[in-house]
């Protein structure tokens, strides 16, 4: 599926593929190969540039030819309250258009719509590119803060009730931070490379930066730096928390095993004594009418003695 947009004075016009003009934005979401072939033929963009973002394992990078440039970044994706993921987003810039390619509908592109048409322009391709990068960086920061808040909630819950579900939720959050860490570092390298290439004028014919664009790119780099620092800090906190809870679980298990071992020893004493007096041989008190009570009292006294001894040794 794809849609073609063009900014105008009072909103955004949606065009057809046979109405291509200069200054358009082609938004491609989970396309078929036939659609990609049509777009490649209409725009002159290499087919491998269009398909690069359709591999969910693809890493962030930047490639360019004389008439087109591919910028591939990882964007954050919210799948559930505890499950965050990353997804490749391909941004292709040519002399006449900007193209975005992604496997799924996402929050990065969702803000660039007819309701917010004043905040961006499809004609200003460089500004639009940096706005996409900035939106991605701020979304990472938002999700990282959400993960931190969710971690605090799970910590308070697990302090009162050590449930497997809570531990699995923590594991999902730690996995999400791991994905974020790898993606943020790759995205940061891409933005740094854009800045270096811009300074050498290698991309000047495709990415024309004005002073406001350079400021926006610097803001993007700062946001990515902050996101990397935050994800490292929260990852360390979450890893430490998982280790602490693992130690608590092991300690609780040891306490339970100690209690069960003590109870086994104490309950074994009456069993042993009753076994002795249950043998078909002559035993003490066999002719005593209070023999049962004497044996029971003896079992209770010995068991209580062992219980007191184990209690003093902190084994019960």
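The values are calculated or read from the model by the stated rules, or taken from the named source; none is laboratory data. Just so it is clear, the structure is predicted and the values come from calculations on it, not from any experiment. Positions of Cβ are generated from backbone atoms using ideal geometry, with glycine treated the same way; all protein chains shown enter the neighbour counts.
For the stretch 133-147, check the following and say yes or no: at least one residue is farther than 30 Å from residue 98 by Cβ, in contact with a helix residue (DSSP H, G or I) (Cβ under 6 Å, 6 or more places away or on another chain) and part of a helix (DSSP H, G or I). Yes, because at least one residue in the stretch 133-147 is farther than 30 Å from residue 98 by Cβ, in contact with a helix residue (DSSP H, G or I) (Cβ under 6 Å, 6 or more places away or on another chain) and part of a helix (DSSP H, G or I).
Here is the figure for the stretch 113-129: residues that are touching a helix residue (DSSP H, G or I) at 6+ places or on another chain (Cβ under 9 Å) and without any contact (Cβ under 8 Å) to a residue 24 or more places away in the chain total 2. Determine if the stretch 17-28 includes at least one residue that is in contact (Cβ under 8 Å) with a residue 24 or more places away in the chain, assigned by TED's automatic domain parsing to the domain that holds residue 134, touching a helix residue (DSSP H, G or I) at 6+ places or on another chain (Cβ under 6 Å) and buried (at least 18 other Cβ atoms within 10 Å of the Cβ). No - not one qualifying residue is present in the stretch 17-28. In this structure, is residue 63 in a strand (DSSP E or B), in contact with a strand residue (DSSP E or B) (Cβ under 8 Å, 6 or more places away or on another chain) and either outside the structural domain of residue 174 (by TED's automatic domain parsing) or surrounded by fewer than 18 Cβ atoms within 10 Å (Cβ to Cβ) (or both)? Yes; evaluated as a whole, the condition is true for this residue. Remark: pairs (first residue in the stretch 146-172, outside the structural domain of residue 242 (by TED's automatic domain parsing) and surrounded by 14 or more Cβ atoms within 10 Å (Cβ to Cβ); second residue modelled with pLDDT under 75 and part of a helix (DSSP H, G or I); Cβ separation under 6 Å; 6+ apart in sequence or on different chains) are absent. Report yes if residue 295 is without any contact (Cβ under 8 Å) to a residue 60 or more places away in the chain and either over 50 Å from the mean Cα position of the chain (by Cα) or in a loop (DSSP other than H, G, I, E, B) (or both), otherwise no. Answer is yes for this residue.
With respect to (1) at pLDDT 80 or above; (2) farther than 30 Å from residue 151 by Cα; (3) touching a helix residue (DSSP H, G or I) at 6+ places or on another chain (Cβ under 9 Å), the lone exception for residue 274 is condition (1). Please find, among 51, 37, the residue that is surrounded by 14 or more Cβ atoms within 10 Å (Cβ to Cβ) and without any contact (Cβ under 8 Å) to a residue 60 or more places away in the chain. The conditions single out 51.
Determine whether residue 213 is at pLDDT below 90, more than 21 Å from residue 135 (Cα to Cα) and part of a helix (DSSP H, G or I). Step through it out loud before you land on a result.
On the way: at pLDDT below 90: yes; more than 21 Å from residue 135 (Cα to Cα): no; part of a helix (DSSP H, G or I): yes.
It is false that residue 213 is at pLDDT below 90, more than 21 Å from residue 135 (Cα to Cα) and part of a helix (DSSP H, G or I).
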